[in-house]
1. Within the range 28-39, identify whether any single residue is under 25 Å from T201 (Cα atoms), modelled with pLDDT of 90 or more, buried (at least 18 other Cβ atoms within 10 Å of the Cβ) and touching a helix residue (DSSP H, G or I) at 6+ places or on another chain (Cβ under 7 Å), and answer yes or no.
2. Within the range 43-57, does at least one residue satisfy the condition of being in contact with a Lys or Arg (Cβ under 7 Å, 6 or more places away or on another chain), part of a helix (DSSP H, G or I), at negative phi and in the same structural domain as C94 (by TED's automatic domain parsing)?
3. Look at S92 and say whether it is surrounded by 19 or more Cβ atoms within 10 Å (Cβ to Cβ), of a type in the set (S, T, N, Q) and under 24 Å from G16 (Cβ atoms).
4. Being farther than 12 Å from L156 by Cα and not hydroxyl-bearing (S, T, Y) is the filter here, so list the residues in the range 175-193 that pass it.
5. For residues that are of a type in the set (K, R) and in contact with a Cys (Cβ under 8 Å, 6 or more places away or on another chain), tally how many sit in the range 15-45.
6. If you scan the range 195-210, which residues turn out to be of a type outside the set (V, I, T), assigned to a loop (DSSP other than H, G, I, E, B) and over 13 Å from the mean Cα position of the chain (by Cα)?
Amino acid sequence: MIEVALVEDDSGLADGLRLLIDGTNGYSCKQVYGSIEQALRELRRAPDVLLLDIHLPGMLGSEGVRLLRAKFPSTEVIMLTVYAQEDRVFESICNGACGYLLKKTPPSQLLRAIAEAAEGGAPMSPEIARKVVSLFRTVRPPDRVDHDLTPQETGLLRLLSEGHSYESSAANLNVSVNTVRNYVRSVYAKLHVHSKSEAVTKALRRGILR
């Protein structure tokens, strides 16, 4: 059972998401909040995945993700936004978000993204994945390339930076999903990171991905 929490100030959308998630086998959504402040105050049990609206009354989601991750480090946070051209994408990912989805994402894809995040993936809507790569290339100048990643591991990082799941990455690399997971563990060890977003961020900063 994947336990999901939701922070969304649009009550209609929040109710719809809660009903979708809680009504799907293998998923549970009992904790719903309208602001970062309320979530920090009332969220007692760390969910597996937290869906977080980027624009909220009071503290913005892009800022609050850092506080939520500090309080619940095992929780994976997926940001939700209306617009692909969201200026706070970069800030949210640097603050610890593992993924970024448009609110118009179809229900089946949203559920797959939640499952992917729970398994350590980095789900992103394709439009947002392209913006993230562009932002890192223009905002952060690459450092000196100094790593011992294999071509396969670098290829996997590139696919993850473009928003691919483990399954689609495996298909692109012509390997099994278990092999992809082994690559991910190796990448973590070599780059000294603990999440997909950290790995992609570090690879882009170092110029491993161009």
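The values are calculated or read from the model by the stated rules, or taken from the named source; none is laboratory data. Everything quoted here is computed from the prediction, not taken from an experiment. Every residue, glycine among them, receives a Cβ derived from its backbone with ideal geometry; neighbour counts consider all protein chains shown.
1. yes
2. Checked against the condition, which is being in contact with a Lys or Arg (Cβ under 7 Å, 6 or more places away or on another chain), part of a helix (DSSP H, G or I), at negative phi and in the same structural domain as C94 (by TED's automatic domain parsing), the range 43-57 yields no hits at all.
3. Yes.
4. Within the range 175-193, N178, A189, K190, L191, H192, V193 meet the criteria.
5. Residues that pass the stated criteria total 1.
6. Scanning the range 195-210 gives G207, L209, R210.
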